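Remarks on the structure that follows.
The values are calculated or read from the model by the stated rules, or taken from the named source; none is laboratory data. Not measured: the values here are computed from a predicted model. Virtual Cβ from ideal backbone geometry, glycine too; neighbours counted across all protein chains shown. Side chains are part of the model used for accessible areas, which takes the heavy atoms of the whole protein and leaves out ligands, DNA and RNA. Shrake-Rupley method; radii C 1.70, N 1.55, O 1.52, S 1.80 Å.
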Amino acid sequence: MPDLDRIVQDIAAEMRARPDRGAVASYIPELARVDAQGFGLAVIDGDGRIAAGGDADTPFSIQSISKVFTLTLALGMVGDRLWRRVGREPSGSPFNSIVQLERENGIPRNPFINAGAIAVTDVILSGHQPREALGEILRFMQFVAQDDSITIDERVAASEKRTGFRNAALANYMRSFDVIENPVDYTLGVYFHHCAIAMTCRQLATAGLFLAYSGHHPLAGHSVISGERARRINAIMLTCGHYDGSGDFAYRVGLPGKSGVGGGILAVAPGKASICVWSPGLDAAGNSHLGRIALEMLVKRTGWSIFGV
Ligand code: GLU
C-alpha cells in the first residue's frame, strides 16, 4: 500500500508553490471572485482511511461534478430509458456547445456536457415540484458524502441564473424537440442550483466512494447502485468527464474523473480509492489546471491508473 499521507502532503506542497495556476472561471461572476491560490486534495479508501492536504476542508462550488450524481439519480428513476434522451459518446466539443445539438436533433451527446446534464435534470424534475427535485438531489449528496451539513450556495446559483443565457438557449432548443418536458425555467432553476452545491474535497471524495467500490458505499454500509451501473458511470466519466479534454485526461491520468468549472475534479480508482482535488484555475478546456497535474502525480506514485503502472 503506498504511503498516501506522504504522497498527498508532497503533492500539496508542490502545488502550493507553482506559479502556473490557470484562470478562474469568469463567465459566472460569483466564481470569478474565488482566490486562484487555493489547492486541496483528499484521498479516501474503502476502510474510511483518508489522506488530506492543503485546503481539503475548504468548500468550493462543485459545478459539473454534480452531474455524476444527477446521472446516478436519473438512472435510478428511469433506468436505460434515459438513453433515449441523451447519448453516451464523447462530444469533442466545448462544454456549452450549441452547434452540435442542432446537428443531432436536440439529443445531447452525453450526460456531462451542459445540454446533456440539463436533460438529465429534467428527467429528475418530471412529476415533481422544482423544490422537491432539488431536495432529492441535495439529500442524495448529503447521504453519499455522509454529511448533512452540505448546502447550496445561493449566491452562486443566482449569479449563474442571471448570466446563464447559453444554458437557456440549449434548454429552449431541446424543449423544441421535447427532449425537455418541463417548463424551461423550472429545469434550469434546478440545474443551476445543483451546480451551486458547495462541498469540500473531503466531502466529495467520500461521496465518490460508491463508484470506486462497485456501487457499494463502504461508510454507509450498503449498496447505492448495482456494480454494473457503477462500472458504466465510471466508463462515461472516463470518456466524457472532461469535455473536449477527456482524451488528454485519460492519457495523462488514466482514471474515470469528472471536472467542474469551480476547479474541482472527482476521480475514481476502482477498488483502491476515491479522490477529490480542487484548484480553481482552469485550462483552456475548462478543467482544473493544477488539479489535473496533481492527479497525474498521484497516479504516478500510486500506480493506480486503470491502464497499468
Ligand atoms: N454550471 C456550469 C454551467 O452550466 C457548469 C459547467 C461546468 O462546471 O463545467 O455553465
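Below are the figures for this structure:
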item	result
Cross-chain or 6+ apart pairs with Cβ under 9 Å, the range 83-104 first and without any contact (Cβ under 8 Å) to a residue 24 or more places away in the chain, then open to solvent by 60 Å² or more (accessible area, probe 1.4 Å)	Ser97/Arg109; Ser97/Asp244; Gln100/Gly92; Gln100/Arg109
Hey, Val78 touching a strand residue (DSSP E or B) at 6+ places or on another chain (Cβ under 6 Å) and within 17 Å of Ile225 (Cα to Cα) or not	no
The range 261-274 residues that are at positive phi, paired with ones that are within 11 Å of the ligand (Cβ to nearest atom) and assigned to a strand (DSSP E or B) (beta carbon under 9 Å, 6 or more apart)	Gly263/Ser61; Gly263/Leu282; Gly263/Ser288
Test for Arg84: is it basic (Lys, Arg), within 14 Å of Gly291 (Cβ to Cβ) and either modelled with pLDDT of 95 or more or open to solvent by 20 Å² or more (accessible area, probe 1.4 Å) (or both)	no
Flag if Gln129 is free of Cβ contacts under 8 Å to residues at least 40 places away in the same chain and within 21 Å of Lys258 (Cα to Cα)	no
Members of the range 169-184 found to be within 16 Å of the ligand (Cβ to nearest atom) and open to solvent by 80 Å² or more (accessible area, probe 1.4 Å), listed by number	Asn172
Selection count, the range 115-150, where residues are open to solvent by less than 10 Å² (accessible area, probe 1.4 Å) and either charged (D, E, K, R) or at pLDDT below 95 (or both)	1
Complete set of residues in the range 9-35 that are touching a Leu at 6+ places or on another chain (Cβ under 7 Å), within 16 Å of the ligand (Cβ to nearest atom) and open to solvent by 60 Å² or more (accessible area, probe 1.4 Å)	Ala23
The listed residue being of a type in the set (A, V, I, L, M, F, W, C) and within 27 Å of Val156 (Cβ to Cβ), out of Leu219, Leu266, Leu238	Leu266
Test: residue in the range 61-73 that is in a loop (DSSP other than H, G, I, E, B), of a type outside the set (Gly, Ala, Ser) and at pLDDT 95 or above	yes
Residue in the range 14-58 that is nearest to the chain's Cα centre (by Cα), counting only those that are free of Cβ contacts under 8 Å to residues at least 12 places away in the same chain and part of a helix (DSSP H, G or I)	Ala32
Single condition Arg301 does not satisfy, out of (1) open to solvent by 30 Å² or more (accessible area, probe 1.4 Å); (2) more than 15 Å from Val43 (Cα to Cα)	(2)
